[in-house]
1. For the range 125-261, give the magnitude of the charge dipole about the Cα centre (Cβ charges: +1 Lys/Arg, -1 Asp/Glu; no others), in debye to the nearest 20.
2. M119 accessible area, nearest 10 Å², 1.4 Å probe?
3. Cross-link candidates for K73: which lysines have Cα within less than 24 Å, leaving aside residues fewer than 8 places away along the same chain?
4. Suppose the chain between L225 and Y165 were pulled fully straight at 0.36 nm per residue; how much longer would it get relative to their current alpha carbon spacing?
5. Determine the relative contact order of the range 19-117: mean sequence separation of Cα pairs under 8 Å and six or more apart, normalised by residue count, in whole percent.
6. Using a 1.4 Å probe and counting only protein heavy atoms, arrange S40, S19, S157 so the residue with the most accessible area comes first.
7. Quick one: dipole size for the chain, taken about the Cα centre, charges +1 on Lys/Arg Cβ and -1 on Asp/Glu Cβ, in debye to the nearest 20.
8. Using the Karplus curve 6.51 cos²θ - 1.76 cosθ + 1.60 with θ = phi - 60°, work out ³J(HN,Hα) for each residue of the range 4-9 in order, rounded to whole Hz, and write x for Gly and Pro.
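The values are calculated or read from the model by the stated rules, or taken from the named source; none is laboratory data. These figures come from a predicted structure and were not determined experimentally. Cβ sites come from the backbone with ideal geometry, for glycine too, and all protein chains shown count toward neighbours. For accessibility, only protein heavy atoms count, side chains too; no ligands or nucleic acids. Shrake-Rupley method; radii C 1.70, N 1.55, O 1.52, S 1.80 Å.
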Amino acid sequence: MNFIFDMDGTICFKGQPISKRILDYLLELQQLGHFIGFASARPYRDMLPILDDRFYDHLLIGANGAMAFNEGKPLYYNPIPSQLANQIIKLLDDYQADFLVDDTLNYAIRTEKQHPLLMSLDQNQVAKHVELDQIESFIKIVVLSCSRFEELSQNISQLDVTIHYHSAEGILDITNRNVNKMTGLKQTGLQLESFVCMGNDMNDLPLFQKAQHSVLIGTYEPLRLIANHQILMDDNIEHNIISKLEELRQRRDTYEFICGE
């Protein structure tokens with residue numbers, strides 16, 4: 001069975017690393033012959049600190065599908081074209097928005113405010129904080145805040161880009177057109193047409209639409225409408241996640257699993 005996991009709000013919470021309890025169980029699944037991969041809004045650089053080194057060589061689809069690594073090596077990058085990226089930057093400046101730009105590794109920030117997202121930035125200290133004109137590939141642009149956020153979002157949505165609104169953080173991710181976690185999974189070239197996914201927010205929708213089986217963490221309504229299973233957030237969330245994965249594992253070769261409930 002192929003498992004693809006979102007990270008923040010799905011198997012890790014409040015910006016903390018994925019717990020050893022969950023990672024140990026995922027490793028058990030792998031040792032039983034299952035494939036374990038991750039797909040996150042975080043760029044590759046910021047996915048590593050919430051894993052441990054047992055998972056650094058796994059499939060890591062980052063920046064909502066704009067980049068992917070496997071066995072520690074890049075599979076692809078899908079940046080926003082430079083001319084379009086510069087148009088977006090001008091628009092953000094016109095609206096006096098605070099934003100973050102992710103390159104393939106380095107990053108640039110245009111804000112003087114503290115933002116929770118910045119707490120998770122380059123925790124392994126492998127990248128450089130560079131000036132905006134030093135960005136070589138505009139992998140992802142993140143709008144952190146803006147006094148006219150809705151108006152700005154509407155203007156950006158008219159451009160030839162993909163946008164994802166993250167409800168928990170109140171931020172807007174901008175990537176190249178047709179970039180999402182599902183197109184990213186296909187772009188890896190790995191034979192993972194049949195998979196089980198677990199997620200919690202808007203950017204997981206393309207995976208849920210194509211998954212053989214899907215598990216929603218939380219209450220995000222567009223995912224709830226199509227998810228096969230739902231796990232609510234409570235003090236037993238880690239136990240409930242592991243229990244559901246174990247249930248799916250045990251049912252993998254049965255008629256019940258193939259046909260759904």
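1. Once rounded to the nearest 20, the dipole reads 380 debye.
2. Number for this one is 140 Å².
3. Output for K73: K128, K140, K181, K186.
4. On the way: separation 60, 0.36 × 60 = 21.60 nm, distance 1.84 nm.
Using 0.36 nm per residue and subtracting the Cα-Cα distance, I get 19.8 nm.
5. 16
6. S157, S19, S40
7. It comes to approximately 360 debye.
8. Couplings: 10, 10, 5, 10, 4, x Hz.
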